[in-house]
Amino acid sequence: MVPQSCRRRKFVRTTKSAAIRQKPAVPRPKLLPVTEETRHRSTLLESELLSWPGVVAKRMFGFRALYRGKRIFAALPHSRGFGPDASILLKFDPVPLALSRRAESDPRLKGNTPGKGWFSFVLNSDTDLHDALEWLNHSYESAKRGSKK
């Protein structure tokens, strides 16, 4: 018998036709409703990002997922968000060393939210939009040279 930790299946068969989904080892973060202010900031960022070449926005779990071609590079809160803060999600795969050092010094940037390669950038006020666009640009450029996932 294969140990539970080595199994790759997400379903456990109890009968021939019924499948019960196993609970994930790490609980998923709760997606909380966002404020109108957060939604407005996300709309401003989205309108700017959609003017960039090759960017497409799609709905995803209360977020607006932003893609450069087939690669996701960011997610903006639309109706739901992670936690009470108004944060945008940035994808870096891989994280360049220079950006990693800069990310450590920026208190608004938190790593591994919701998973590996993801960072959250907290928007405290409208003055943070300029810095958010700068981080979104780095994520956009990372999606150009990153691998497909």
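The values are calculated or read from the model by the stated rules, or taken from the named source; none is laboratory data. Keep in mind that this is a model prediction, so the values were computed, not measured. All Cβ positions, glycine included, derive from the backbone under ideal geometry; neighbour counts span all protein chains shown.
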So, in segment 71-85, of the ones that are modelled with pLDDT of 75 or more and over 14 Å from Lys144 (Cα atoms), which residue ends up nearest to the chain's Cα centre (by Cα)? Ala75
Scan segment 86-106 for residues that are touching a Lys or Arg at 6+ places or on another chain (Cβ under 7 Å) and closer than 14 Å to Ala132 by Cβ and jot them down. Ala86
Within segment 49-82, restricting attention to residues that are out of contact with any Lys or Arg (no Cβ under 8 Å at 6 or more places or on another chain) and small (Gly, Ala, Ser), which residue is surrounded by the most Cβ atoms within 10 Å (Cβ to Cβ)? Gly81
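Select, from Gly62, Gly81, the only residue that is out of contact with any Pro (no Cβ under 6 Å at 6 or more places or on another chain) and at positive phi. Reasoning before the result, please.
Values: Gly81 fails: at positive phi.
Just a single option satisfies the conditions, and that option is Gly62.
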